[in-house]
Structure formats: C-alpha cells, structure tokens
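Here the structure is laid out as structure tokens; the discussion comes afterwards.
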Amino acid sequence: MSTIADNLQAVRERIAAAAHTVSRPPHEISLLAVSKTFDAEAVRAAVQGGQRAFGENYLQEALDKMAALQNESIAWHFIGPIQSNKTRQIAEHFAWVHAVDREKIAQRLSEQRPAGMPPLHICLQVNVSGEVSKSGVAPADVAALAAAVAGLPKLKLRGLMAIPEPTDDVARQRAAFRQVRQLCDDLRAHGFDLDTLSMGMSGDLEAAIAEGATIVRVGTAIFGRRNDS
Ligand SMILES: *Cc1c(COP(=O)(O)O)cnc(C)c1O
C-alpha cells in the first residue's frame, strides 16, 4: 500500500473511533480528502485507496487535476473562498461548494449552473466566535442568507460549514463546533431541510464528530504537510 492509502485508512479509523465514542454510526460521517497543493498523482493514489470525494481551494489548480483525472469517478468539492469572477467555472465543474457566505455569489452560481447538470450542493460558511478569519456569514445573518439560497433554482442548500480558529484545547474546539450545530438546528426549526455539517479537519476532526459533523475535510493527515502551512 502507498503511504496515501495507509494514511486514508488511518483517518477512516480515527473517524470510526470518534463516532463510536459518541455512539454515532460511522457511516453518518463522510470523508472529504482535501488535495489542494498536491498533484493529480496524489489524488489518483487516494482514488486507488478507495476515496471518491476531493476538496480543492484554488480553481485553476483544481481544473488542471480534473483534466488529468477525467476518467476517474470523483466528486469535486470547492472549499475555498470564492471571488465573483470564478463563479462560472465553479458552477460548471464542481458538485459541491462549501464556503458560500454572500447572496451575490449564490445568485451567480445558480445562474451559471449549466441546465443539464443537477443542482449544485451548497453549504453556508458561518463565522463562529473566536474565528480570526474574515470570511463566513455572521451567525445573526445566516437565516437570511439561507432563505435567499434556498430560493435559488439551481442550488440545493445542504447545511453549514465552519473553520474555527485552530486550538489544541478540545473543550474550545467543541464549543465552536457546538455553535455551528446549534445554528443548524435553529435553521431546521425554521423549516430549512438541512442534513450537512461540514466541519473538522486533520487536527480537530474528533471534536467536530462529537458535535455532529457529517463531512470532515481532511488534508494533511492524508497527503502530508503542505508548503502553504
Ligand atoms: C486546507 C483546508 C482543509 C484541510 O486542512 P488540514 O488541516 O490539512 O486537514 C480543510 N478545510 C478547508 C476549508 C481548507 O482550506
């Protein structure tokens, strides 16, 4: 087995153990392999290790990998911040977008999603407390954004995504993820049909799973250290 296949197996075991600890069925949690900065051959090794869903942050890099891997059946997720001038190619080439935080971007993605393709699956990125990042919708504004996105014909609103500030303190990790889950529960109580919490990365996936994550986005633990981190 290649290192990538070994790492994938180890991450699957971490997910199963974390689910077991909180009595959740492990199949409720799907693994998104974050392949940004790694080449098509690394993605191919992960595909050979049984992985099908990949997350990318940089559009041109992702398009190059898609072209190199067009014979593989891969679900591509765009997980990075989105600039308006990139929405058309994102709408044309991806199955999911995780970091929608503005109505204008959502409108463009819906308008630009090609007619023959299924709706684009959308998560709204929320900026929970303690987060240093400028991206993500404020918790107070998430309901209005959800209502706008739910009304767009070529988008399917699936849930929320967050990138809390990294910390080794598990109690703080869990508090941030719990806030995301509570926001999602509030939206459900207001009638939104949501089934996805995209949260948890290499360093905090156990805490995210304990708080209800349904997609964990894992890069480093599968592909190794990146030059950008
Ligand atoms: C890079 C990235 C990840 C993966 O992070 P790791 O710590 O390498 O697991 C997850 N989500 C987003 C949005 C990212 O940009």
Q. Taking the inverse of the average 1/r across all pairs of different Cα atoms in segment 4-223, what Kirkwood radius in Å do you get?
A. 17.5
Q: Starting with the fewest neighbours, write out M199, M161 ranked by other beta-carbon atoms found within 10 Å of each beta-carbon.
A: M161, M199
Q | Burial ordering of F192, F78, F38, fewest other beta-carbon atoms within 10 Å first | A | F192, F38, F78
Q: Could you work out the local net charge near H93, counting Lys and Arg as +1, Asp and Glu as -1, over the other residues with Cβ closer than 11 Å to its Cβ?
A: +2
(Q) With just the Cα atoms defining each centre, how far is segment 181-229 from segment 19-55? Give it in Å. (A) 13
Q. What 222 nm value per residue comes from the helices of the chain, counting each DSSP H run with n ≥ 4 as -39,500 (n - 2.57) and dividing by all residues, nearest 500 deg cm²/dmol?
A. -12000 deg cm²/dmol
Q. Just G151, G116, G203 to compare: in a GNM of the chain, with alpha carbon springs under 10 Å, which one fluctuates most?
A. G116
(Q) Please list the three semi-axes, largest first and in whole Å, of the ellipsoid equivalent to segment 82-136, using sqrt of 5 times the eigenvalues of its alpha carbon gyration tensor. (A) 23, 11, 8
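Every read-out reported here was derived from the displayed coordinates using simple, explicitly stated rules and does not represent laboratory data. Treat the numbers as computed from the prediction; the structure is a model and nothing was measured. In this analysis, Cβ positions are derived from the backbone assuming ideal geometry, glycine residues included, and neighbour counts consider all displayed protein chains.
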